[in-house]
Structures are given as C-alpha cells and as structure tokens.
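Data first, discussion second: the structure below is written as structure tokens.
The values are calculated or read from the model by the stated rules, or taken from the named source; none is laboratory data. Because the structure is a prediction, the values reported are computed rather than measured. Please note: Cβ atoms are built from the backbone with ideal geometry, for glycine as well, and neighbour counts cover all protein chains shown.
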Amino acid sequence: MNIVVCVKQTPDTAATVTVEDGVVSWGDAPVILNPWDEFAVEEALRIKEAHGGQVTAISLGPEDAKEALKQALAMGCDQAILISDPALAGADSLVVSKILAASINKIGDADLVIFGRASVDSDTGVTGPQVARRLGWPALSLVAAVTALDPEGKNIAVERMLDECRQLVRSPLPAVVSVVKEINEPRYPSFMGIRKASRAEIPLWTAADLGLDEISDSAVTWPEIIAPPKIETEVEMIEGETPEELAAHLVDRLMEEKVI
Amino acid sequence: MANKILVYIDHFAGQVVPASWEAVGVGTSLAEKLGSEVVAVVLGHEVETFAQNAIEFGAGGVLMGDAPELKDYRPEPFARVLSQLAAEAEVLLLPTTSRTRELAGMVAVDLETGVMPDVVAFEIEDGSVLATRPIYAGKLLTKVICPEKRPQIFTLRSRAFVKPEPDPGRSGDITRIELDLGEIVTEVTGYSESMVGVSLSDAAIIVSGGRGVSNNPRLSPPTEITDEGEQEIWRAQQGFALVSDLAKVLGAAMGASRAAVDAGYVPYEHQVGQTGKVVSPDLYIACGISGAIQHLAGMRTSKTIVAINRDSDAPIFKLARFGIVGDLFDILPPLTQAFKERLG
C-alpha cells in the first residue's frame, strides 16, 4: 500500500487571530500540523503497519512552511515533499487541487490518498474531494472508520460520518479518503522520530517540476478579510437564594425576553 | 434562460435538510436582484414530493432526476448529474451538509469554476455575488467572489438565512431529466443507526456540557468500578444525563466541549467548536464549560447564550447574555423541572 497524505500548516487553534489592513496575524502563536491532518497521518501509518508500503506526506505552502511536514515525519512518515511556488500565493481550491493531483501523479503508484476533513484556517473541506475528481478516483469523505482493506483485491470498505448517521461504503482502490476525528487517536512523535525529522531533507517541488508551466488563475478571490462584529453583551447574572429560585428566575428572564 | 439560479435540495432518509429551503429563499432574493429565475434540483429516488415542496417554498421550477441508482447518495453520480445541469447556470446554491461540501467541490472541478463553502451573507457587486464566509472557525470573516467563471457555487451555512414560508398554492413545472449517470464503482452497503436526536447544525436550541460535568463530588461510583478512569466516565455520564434531560425538555440538541469529547464522556458528533461543529442556535446553554477560545469560536454567533459555571471568572460569561454562578448539579434538575412546568 503506497499512501500519500496531504497536510497543511496552520496556526495553533488556541491562537487569537486578528486582521489589520487585510493581513491576518496570529501573534507569536506557533504554527502546527492542521489538527484534522494528524488523524490522516495516523491512519496512513496504521495502514502501512498492517499492510506494508510507503507513506509520503505532501504539503503546499510558502517555502518556510515545513513544520507540518516535520511533524508528519516525526510521527513516522517515510518521506515528505513541500510544493511551493511564488505563483501559488493566494491560490483557491480549484488551483490547489490541480497542483496536489499533479503531485500525486508525479509521486506515482499511490493506492490511497488521505486528507483531514478540512483545514482549521480556511475551513473549506472541499480540497480532498476536488483532488479525487481530478484524479478520477472515488471520493470517500468524512471517514470515521476503515472497516476492511484488501491491497491485493484493491478495495476498501469505510464508514462515512454523515450528519444523520454513518453510511457504509465499499470502493475500489485507488481512492481519496478524508478522515474525521472519530477514526483514531494520533500518536505522539517518538524522540527518535523527532530527531530523524529534524535532520530530514524535505525536497521542494515547484509548479515547473510538476510539468505545469503555467498556473491557471484562481476562480475565487478574497477582496476583504474583516474581524467579525464585536458581540456587545453585558452579562446579566441571575440571582437567587436556592437552586430552585435561580432556575425559576432564569426561566422568567428567558420568557420575558422571548428567547423561549 | 442562461442566467438561472440553481438550488440543490439535499435530503436524507425521506427528509429534506431544512437549510435547503433557506437556500431556496436566498435564491429567490438573488434572482430578484439579478433578474433571473430560481430552479430547484432534486436528485434521488421517489423524490417527487420534495420537488413539489421546492415549488411551495418559492422555486419557479424543478429539475428532477429520479432513478433507483440515486436512492443512496454517492458523490460521483450526483456530481456528474449536477454538473450537467449547472453548466449553463449563473449561480449554484447548496445547503452546507455532510454531503454537499464534496458535491459542490466536485462540480466546481467539473466546470472549472469557483466554490465558496459555508456562506453566511450575500450581496451583489458588479453583477457577481459577493459572499461572506467565516474562516479560522469564525475568528475572522472573509469576503469571497468569483468574478469571471460561472456558475458561482456557494454552500450556505444552516440557520444563517431565513427559511421562507411555504405557500401550498404556488405552482411551477417539474421537469424529469434524462439521466446520464456514467459508471458507478462504489457501493453503499448499509447505514448505522442514527446517532443524534436533533442535528446540531439545524437545532434552534443547544444544551452543552463541558469537562465540569464530571466533577460532582457528592456522587460516589458503584463499588464494582475500581478503575479511576472508569469512575470519571461514570461521573461524567451522570452529569451528561442532567444535560440531556434539559435538552429533551427543550427539544434541543446536546452539545459538548472538546475537553468533554477528548475525555471520552460523549461521542465526537456532539462536539461544538473549532474542531467540531460550528453552530448558531437561538439559545445556547453552556453547562460547566469554561469557554476555551476554540469552543467560543464554534458558538459565538448563537443569539442568546446562557452560562452556568461555578467559576465566576470563566471566559464564557464574557459572551453570555445570562449567567448563573453555581453548581450545575444543583441547578440543572430544578431548571429542567421549571421549563417542564412553564412550557407544558
């Protein structure tokens, strides 16, 4: 089983994110492997441990965006590749999916591509399915469990987490999977893993390396990024001597304000 | 009519996702501004009622694809048909659900156009639709626009837009379309039982529990539970039973903080926050939730927030409209009782 995991570097979810003159900043908060992608890396490693093969982590980002890939290597991925090109700044998912699909084709022989369900920064959740569409492979999104995997017979069975319940799906390989948090518990990198990752050479591929001399324009642009309107609430503390009184006063207030 | 607005009606197990009707409402108001018409798309098997409903909610017409192969949603055939129908459209709107993000993305690839998921507001700029969507889990908002390529594809966040009133007297054409499904290689082999009573995204009221729900010092676990971790889970289950009782009386969905989900108190599908569901109900009752930034990001747009917490300095009170400083184990039972009496 050769697996490609697509990961993204994002600011820590605990960061306070602000915008000034259209520039987004998260202060001195660290950048991390997108939390959803940890589950993708973990699932790839588990499948490799059960069935053998190679796990390659790839990421698209600026030249210094290697933290996510280092984390993936430290967890146990065999190799990592950063795809970076000044022409890709501000690329939308239409362009990103094209670049990722070309990268997966260049790596070659993938049986499975795994994504996290979305990135916690742009939060579109469409890149995985778009890459599937570009490759012409089945898209298995929001996977909460891989219930069967047959590398020889080239098929996979998964449980997809819909809003209403889980949908059980069987699909041929290769396929593109996106995973949700239910699927596993990501491992912590080992000391050896961290050492190995810190020394690893991460190759950098440009659009030209992918045979894409001209990068098509993004369809979507972001003319303005703003802070959400401040929520002006003055909390009204409910008073009462006993829990029963507190409860009754709260219900009174909610009904007076026609919340209920 | 080349500049029509298509609205995809998402449904599951015989139920239309309510946000589909919100999308029809948005489609209607955009159509007025752009001088076009709203056409609903209903794909599935035995879905004629939904097509009828779409007209009642305001669609001028319906394109209906009905076939046994479409009984179970699968992205490939659904995207293929939707791409054929949307090729000439000006705008394609979908409600945001677990099915439609991928569907919208795949149609965008087929038609080489832009997709903008989870939109919360719309305006028109130079003949294109300028949309607003949250990023960083709502810590920021971005305007997005697809100025040249068509169709412009948007998915709409549940409850961000008003659901139109249905008018049973309305009429419109339902057109059965010829289906070209292509080869379908995946197979749906079944479904698990439904997981959640009320879906968090659609809920008008959400009652959520946090880590504090396991901290009732007055409870002692049955003596046969000796493992400390299991004792904690047992305590949490007693606490979440109180949260769930209140949710039931209010017809609410039950939510949880990441801390509560990570500790194994409740399954992940209840998680509200940056790595869970982002919600905006009319009423959000936070029980024993201190208010980590990741949680606040997921519920800050709730209309009214009630916080019940022992710690009067908990950040959740900064966002709350009403607060009770106290022990949720004392407050929740009488609160549930009071709602039961007052709401009949």
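Could you list all residues from the range B:83-126 that are part of a strand (DSSP E or B) and over 16 Å from A:Gly125 (Cβ atoms)? Walk me through how you get there before you give the answer.
In the first step, residues of the range B:83-126 are kept if they are part of a strand (DSSP E or B); the result is B:91-95, B:115-119, B:121-125.
If the condition is that a residue be part of a strand (DSSP E or B) and over 16 Å from A:Gly125 (Cβ atoms), then B:Val91, B:Leu92, B:Leu93, B:Ala121, B:Phe122, B:Glu123, B:Ile124, B:Glu125 are the ones that fit.
I'd like to know if the range A:37-50 contains one or more residues that are in a helix (DSSP H, G or I), surrounded by fewer than 20 Cβ atoms within 10 Å (Cβ to Cβ), touching a residue at least 40 places away in the same chain (Cβ under 8 Å) and charged (D, E, K, R).
yes
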Checklist entry - Failed condition for A:Asp123, given (1) more than 7 Å from chain B (Cβ to nearest Cβ); (2) closer than 17 Å to B:Thr275 by Cα, with all others met? => result (1)
Next on the checklist: Restricting to the range B:252-286, count the residues that are within 17 Å of the chain's Cα centre (by Cα), more than 15 Å from A:Glu185 (Cα to Cα) and aromatic (Phe, Trp, Tyr).
Outcome noted: 1
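For the range B:318-344, which residues satisfy the criterion of being hydroxyl-bearing (Ser, Thr, Tyr) and within 7 Å of chain A (Cβ to nearest Cβ)? Can you show your working first?
The first filter runs over the range B:318-344 and keeps only residues hydroxyl-bearing (Ser, Thr, Tyr), leaving B:336.
The answer is none; no residue qualifies.
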Next on the checklist: Can you pull out every residue in the range B:264-293 that is in a strand (DSSP E or B), away from chain A (no Cβ under 11 Å) and closer than 17 Å to B:Ala204 by Cβ?
Outcome noted: B:Val272, B:Ala286
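Considering each residue of the range A:218-260, count those that are under 30 Å from B:Ala108 (Cβ atoms) and either of a type in the set (Lys, Arg) or without any contact (Cβ under 8 Å) to a residue 24 or more places away in the chain (or both), and give that number.
From the range A:218-260, those under 30 Å from B:Ala108 (Cβ atoms) are A:218-229; that's our starting set.
Checking the rest, the ones that are also either of a type in the set (Lys, Arg) or without any contact (Cβ under 8 Å) to a residue 24 or more places away in the chain (or both) come to A:223, A:228-229.
Residues in the range A:218-260 being under 30 Å from B:Ala108 (Cβ atoms) and either of a type in the set (Lys, Arg) or without any contact (Cβ under 8 Å) to a residue 24 or more places away in the chain (or both): 3 in total.
Under the condition of being part of a helix (DSSP H, G or I) and at the interface with chain A (Cβ under 7 Å from one of its Cβ atoms), which residue from the range B:294-317 is modelled with the highest pLDDT?
Residues of the range B:294-317 part of a helix (DSSP H, G or I): B:294-299, B:316-317.
Filter again for at the interface with chain A (Cβ under 7 Å from one of its Cβ atoms), leaving B:294, B:317.
Details: B:Gln294: 93, B:Phe317: 96.
Filtering first and then ranking leaves B:Phe317.
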Next on the checklist: I'm trying to understand the selection: among the residues of the range B:170-218, which are part of a loop (DSSP other than H, G, I, E, B), over 26 Å from A:Ala144 (Cα atoms) and more than 14 Å from every other protein chain (Cβ to nearest Cβ)?
Outcome noted: B:Arg170, B:Ser171, B:Gly172, B:Ile177, B:Glu178, B:Leu179, B:Asp180, B:Leu181, B:Asn215, B:Pro217
Item to check | Members of the range B:32-44 that are among the aliphatic types (A, V, I, L, M) and under 15 Å from B:Ala131 (Cα atoms) | outcome: B:Leu34
Next on the checklist: Given (1) at pLDDT below 95; (2) touching a His at 6+ places or on another chain (Cβ under 8 Å), identify the lone condition not met by A:Leu149.
Outcome noted: (1)
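Kindly indicate which of B:Leu141, B:Leu179 is in contact (Cβ under 8 Å) with a residue 24 or more places away in the chain and farther than 30 Å from B:Arg310 by Cβ.
On the way: B:Leu141 fails: in contact (Cβ under 8 Å) with a residue 24 or more places away in the chain.
Answer to the selection: B:Leu179.
To keep it simple, each residue is scored yes or no on (1) buried (at least 21 other Cβ atoms within 10 Å of the Cβ); (2) within 10 Å of chain A (Cβ to nearest Cβ); (3) touching a strand residue (DSSP E or B) at 6+ places or on another chain (Cβ under 9 Å).
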{"residue": "B:Arg74", "(1), (2), (3)": "yes, yes, yes"}
{"residue": "B:Leu93", "(1), (2), (3)": "yes, no, yes"}
{"residue": "B:Ala137", "(1), (2), (3)": "yes, yes, no"}
{"residue": "B:Pro147", "(1), (2), (3)": "no, yes, yes"}
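Yes/no matrix, rows are residues, columns are (1) under 15 Å from B:Asn215 (Cβ atoms); (2) surrounded by fewer than 21 Cβ atoms within 10 Å (Cβ to Cβ); (3) free of Cβ contacts under 8 Å to residues at least 40 places away in the same chain; (4) out of contact with any helix residue (DSSP H, G or I) (no Cβ under 7 Å at 6 or more places or on another chain):
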{"residue": "B:Tyr284", "(1), (2), (3), (4)": "no, no, no, no"}
{"residue": "B:Cys287", "(1), (2), (3), (4)": "yes, no, no, no"}
{"residue": "B:Ala307", "(1), (2), (3), (4)": "no, no, yes, no"}
{"residue": "B:Asp311", "(1), (2), (3), (4)": "yes, yes, yes, yes"}
{"residue": "B:Phe317", "(1), (2), (3), (4)": "no, no, yes, yes"}
{"residue": "B:Phe322", "(1), (2), (3), (4)": "no, no, yes, no"}
{"residue": "B:Leu328", "(1), (2), (3), (4)": "yes, no, no, no"}
{"residue": "B:Arg342", "(1), (2), (3), (4)": "no, yes, yes, no"}
Item to check | Residue that is without any contact (Cβ under 8 Å) to a residue 12 or more places away in the chain and either part of a loop (DSSP other than H, G, I, E, B) or farther than 17 Å from B:Ile174 by Cβ (or both), where the choices are B:Glu32, B:Glu76, B:Glu46, B:Glu22 | outcome: B:Glu32
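Just to be sure I understand, how many residues within the range B:223-243 are assigned to a loop (DSSP other than H, G, I, E, B) and either surrounded by 12 or more Cβ atoms within 10 Å (Cβ to Cβ) or not assigned by TED's automatic domain parsing to the domain that holds B:Leu328 (or both)?
Of the residues in the range B:223-243, the ones assigned to a loop (DSSP other than H, G, I, E, B) are B:223-227.
Applying the additional criterion that residues be either surrounded by 12 or more Cβ atoms within 10 Å (Cβ to Cβ) or not assigned by TED's automatic domain parsing to the domain that holds B:Leu328 (or both) yields B:225.
Total meeting the criteria: 1.
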Checklist entry - For the range A:92-115, does any single residue satisfy the condition of being surrounded by fewer than 22 Cβ atoms within 10 Å (Cβ to Cβ) and either in a strand (DSSP E or B) or at pLDDT below 95 (or both)? => result no
Checklist entry - out of contact with any helix residue (DSSP H, G or I) (no Cβ under 7 Å at 6 or more places or on another chain) and within 13 Å of chain B (Cβ to nearest Cβ) - does that describe any residue in the range A:60-81? => result no
Checklist entry - Tell me, which residue of the range A:210-239 that is within 8 Å of chain B (Cβ to nearest Cβ) and more than 30 Å from A:Val95 (Cβ to Cβ) is surrounded by the most Cβ atoms within 10 Å (Cβ to Cβ)? => result A:Ile238
Next on the checklist: If the requirement is being of a type in the set (Gly, Ala, Ser) and modelled with pLDDT of 95 or more, which of these qualifies: B:Ala2, B:Ala23?
Outcome noted: B:Ala23
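Please work out if A:Arg195 is loosely packed, with under 12 Cβ neighbours inside 10 Å, more than 7 Å from every other protein chain (Cβ to nearest Cβ) and farther than 30 Å from B:Asp282 by Cα. Lay out the reasoning, then the answer.
Numbers: loosely packed, with under 12 Cβ neighbours inside 10 Å: no; more than 7 Å from every other protein chain (Cβ to nearest Cβ): yes; farther than 30 Å from B:Asp282 by Cα: yes.
Here the answer is no, as A:Arg195 does not meet what is asked.
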